[in-house]
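Please read the structure below before turning to the comments.
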Amino acid sequence: MNEQAFIDQLKKLATHPAARGLVDDAAVLTIGRHKVVVTHDMLVENVHYLPETKGADVAWKLVAVNMSDLAAKGARPLGVVLGYTLSGREGFETSFLTGLNDALQYYQVPLIGGDTVKARGRGAQCLGLTAIGETRGYLVPSRGDARIGQDVCVNGSIGDAWAGLLLAAGEVETPDLDAAAHLLAAYHRPCPSMAQGQALATLVGAMTDISDGLLLDASRIADASKLAIVIELDRIPLSAAYQSLCGASQEARIAAAIGGDDYRLLYTAGANAVLPVPSNKIGYCKPGHGVSLLFKGKPVPLPEKLGYWHG
């Protein structure tokens, strides 16, 4: 059973309204007049991080990916619960704790509990974190809130983390040390858009974070909102560091759009909406279903994969 088939079976069990049909980034519980957001993300060695990655960077990323889900709901973090498998590697736990403290301080979120286990043998390390947040308003955006005629926007450059992974894995090299440092930081230490998500939450249609790839996450909005999304590749913002390594061709833009680990916000808004966050329009919503691509106004075939799936 692959990931999508398993999720489809889980949807039959997740019937509580807070689950939002498992088509969203997080669960949203209504408690009195308050909206409480709950999310859980996992990192697995050799899947989400390389074995040689420092424990401090793994810890930072574990917190960051969960904060990104809260950002997509416009939520302020209240606390996190850690699930930790001991690595069996000398010095890794000490480094992890240092990075965890750094991330908790940076996001101003307390560690409020969790569980620690030790696996038999030396298998791939698996880590989990549950994050709890609260929203300031009653409206909590979802992937299903896009409307036909709205623009599709992102709040920052795409592809840096994917390029950073290529560098970290030794698959590419660059003589530009500043560019390399920027791209590696984007991969190892992502910084989700917490303040931006809170500012946008009541003003946008749909909103999600870009974790598995811009095209895949856009397709999730399209599916949840029952419409079609057109992505204009030439409008996707690319950093100077990304362009120095990968260029800005049609192929480079597709690679950026499917790479994942960006942790930017992807959202829809009316064409005349005045948003409080610098936004890049990269497409639009129209009748239909799924995602399609344009480059300089001309249709482009979709790549075989829109982003990252777990098998």
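A few comments on the model shown:
- Translational D in µm²/s for the stretch 183-273 (Stokes-Einstein at 4 °C, 1.567 mPa s, Kirkwood Rh from C-alpha pairs): 91
- Pairs from LYS73/LYS226; LYS11/LYS226; LYS73/LYS305 whose Cα-Cα separation, in the structure shown, is over 22 Å: LYS73/LYS305
- Computed from phi, the 3J(HN,Hα) profile of the stretch 13-27 under the Karplus parametrisation 6.51, -1.76, 1.60 (θ = phi - 60°) reads 8, 8, 9, 5, x, 5, 6, 6, x, 6, 9, 10, 6, 7, 8 Hz, with x in place of Gly and Pro.
- Here the extension length gained between GLU134 and HIS289 equals 52.6 nm, from 0.36 nm per residue of separation less the Cα-Cα distance.
- For the stretch 152-311, the carbon plus sulfur part of the accessible surface works out to 54%, probe radius 1.4 Å.
- Placing a pseudo-label 7 Å from each Cα along the Cα-to-Cβ vector at GLN105 and VAL274 gives an inter-label distance of 4.0 nm.
- Entry note: the stretch 1-111 has Rg to Rh equal to 1.02, where both radii use alpha-carbon atoms and Rh is the Kirkwood radius.
- Set of aspartates and glutamates near LYS298 by C-alpha distance (under 20 Å), chain-local residues within fewer than 8 positions excluded: ASP151, GLU232, ASP234, GLU251
- Packing-based order for 224-236, 82-94, using average beta carbon neighbours within 10 Å, highest first: 224-236, 82-94
- Mean Cα-pair separation over length for the chain, i.e. relative contact order, pairs under 8 Å, 6 or more apart, %: 22
- Whole-Hz couplings from phi, Karplus 6.51/-1.76/1.60, listed for the stretch 137-147; x for Gly and Pro: x, 7, 7, 10, x, 9, 5, x, 9, 6, 10
- Contour minus Cα-Cα distance for GLN4 and ALA248 (0.36 nm per residue): 84.6 nm
- Our coupling estimate for the stretch 208-218, obtained by passing each phi through the Karplus curve with A = 6.51, B = -1.76, C = 1.60 and θ = phi - 60°, is 8, 9, 9, 10, 9, x, 4, 5, 5, 6, 5 Hz, Gly and Pro reported as x.
- Rel. contact order, % - alpha carbon contacts under 8 angstrom, at least six apart, the stretch 161-311: 34
- When the helices of the chain are scored as -39500 (n - 2.57) per DSSP H run of n ≥ 4 and the total is divided over every residue, the value at 222 nm lands at -9500 deg cm²/dmol.
The values are calculated or read from the model by the stated rules, or taken from the named source; none is laboratory data. These figures come from a predicted structure and were not determined experimentally. Glycine also receives a Cβ, built like all others from the backbone with ideal geometry; neighbour counts cover every protein chain displayed. The area values use the complete protein model at the heavy-atom level, side chains included, leaving out ligands, DNA and RNA. Shrake-Rupley method; radii C 1.70, N 1.55, O 1.52, S 1.80 Å.
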